[in-house]
1. At a Förster radius of 45 Å, what calculated FRET efficiency corresponds to the Cβ-Cβ distance of D84 and L415, to the nearest 0.05?
2. Tell me, how many Å apart are the Cα centres for the range 346-411 and for the range 192-254?
3. Place +1 on the Cβ of every Lys and Arg and -1 on the Cβ of every Asp and Glu in the chain, take the dipole about the Cα centre, and give the residue among T250, L148, G291 whose Cα lies farthest towards its positive end.
4. Semi-axes of the equivalent ellipsoid for the range 360-411, please: Cα gyration tensor eigenvalues, times 5, square-rooted, ordered largest first, whole Å.
5. How large, in percent, is the carbon and sulfur part of the accessible surface of the chain at a probe radius of 1.4 Å?
6. What is the dipole size for the chain, taken about its Cα centre, with +1 at each Lys and Arg Cβ and -1 at each Asp and Glu Cβ, in debye to the nearest 20?
7. By how many degrees, 0 to 90 and rounded to 10, does the Cα axis of helix 287-311 deviate from the longest principal axis of the chain?
8. Relative to the longest principal axis of the chain, what angle (0 to 90°, nearest 10) does the C-alpha long axis of helix 111-123 take?
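The values are calculated or read from the model by the stated rules, or taken from the named source; none is laboratory data. All values reported here derive from a predicted model rather than from experimental measurement. Don't worry about glycine lacking a Cβ; one is built from the backbone with ideal geometry, like all the others, and counts go over all protein chains shown. Just the protein is used for accessible areas: all its heavy atoms, side chains included, with ligands, DNA and RNA removed. Shrake-Rupley method; radii C 1.70, N 1.55, O 1.52, S 1.80 Å.
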Amino acid sequence: MSSSVTTSADTKTGSEQKPMSQGPTRTPEFEKRLARRYRSERRFKRLGQGAIVFSVAVLVFLLGNMLLNGVGGFQRAELAVPIDFAEAGVTGDAVSLTAPSAAQVLEMQGLPDVVQYYAEESLGEGGAAELSGDAWRDVAAALSDDPLRIGREETYWLAASSDLASGLAGEGSPEMQALAERLEERGVLQQNWDLGFLSRTDATSPQQVGIWGALKGSILTMLVTVSLAFPIGVLSALYLEEYAPRNRWTDLIEVSINNLAAVPSIIFGLLGLAVFLTIFPNLRSAPLIGGLTLALMTMPVIVISGRNAIKAVPPSIRDGALAVGASPIQVVFHHVLPLALPGMLTGTIIGMARALGETAPLLMIGMRAFVATPPDSFTSPATVLPVQIFLWSDEIDRGFVERTSAAIIVLLLFLLAMNGLAIYLRNKFEKSW
């Protein structure tokens, strides 16, 4: 008994002699190390903030530069020409003027000569030469929109020639600049917003070009691409992750898919040229062939992102579904796929954004042709926005430079709309657990 008491007393005495540690002693060397660590953290924080500020500044500069140059692309130099169709003998009723062949009918009635005559009357001798060669088509389109115009005199703002437009912008020959200045002072020449830029197609003059043909070609091509790449990519990811046995053949497929995701895009263009155009030789420059080519390029990205999304689904989801009696295929399509779909859509956004901006593979399959009419099907000749931008940027006329910037703005807006739709679908299907 006395022994136990003594032991506890000794223990108590020992505990009193060795108090608990209150932390490391803050020696001068420790303070220096702590200060260095704090400085390093502040330096890293400033570097991160600087990187973000630099990225935002570059983005603002890029967008601002495109907007400044692109605003002029949505405008064109136009001349005011008053025309009296009754006096000129141009006739037509509401049915004929609204028919698809209205432009041909008006051309047969001499509308181009009528426009040139009134341009000479209004602008003076040589005034007709300062109009764009296809200016009469704008008049024909206006008559198709409102057939009652043909019964009255009205002033039309028609596209000026490329030389006169350059003179109005302060470029070109001194004579043309002086002529543009005189016409501007008279109030018959000015820069107007050109909404027809969004509805016309390609042309040889920057005053008459439009983006609708290339935009429609991009839409058709992207529809083919996503219709093929997304379902095939998702099913491939499901098979490789849920059903494929682990052997050398599966490893070879996985390595091949990872390598395909890093292959330069022009290689896919050569593949499309060698395979698809050999099978369909009459569909050169068609959205169908372009979509097939871009689908091959986009599919590896969707497969890789799809597999990662499937791996991120907790195993407990599968175990719980199997425990309540679900079959393996019900587990995959009722539980795993809905939960992995947001991640798959993220990969699809990345792949489609890359495909939308591609030019090289589409040049290889002939989608750089001059297309004067919008494509009316997936097998019609067409071009796409990136190729149209590339072709316009190679033109000498400065008017095409502004049109190129305007086309880039349209491309960015199309990309934002497409990505916005994909993000909406991703957020709609996203679930938390």
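1. Here the calculated transfer efficiency is 0.45.
2. Here the two parts' Cα centres lie 12 Å apart.
3. Sorting the options by dipole projection puts first T250.
4. So the three semi-axes of the range 360-411 are 21, 12, 10 Å.
5. C and S atoms contribute 62 percent here.
6. Dipole size: approximately 4140 debye.
7. Taking Cα atoms only, the helix is inclined about 20 degrees.
8. Helix 111-123 and the main axis of the chain meet at about 80 degrees.
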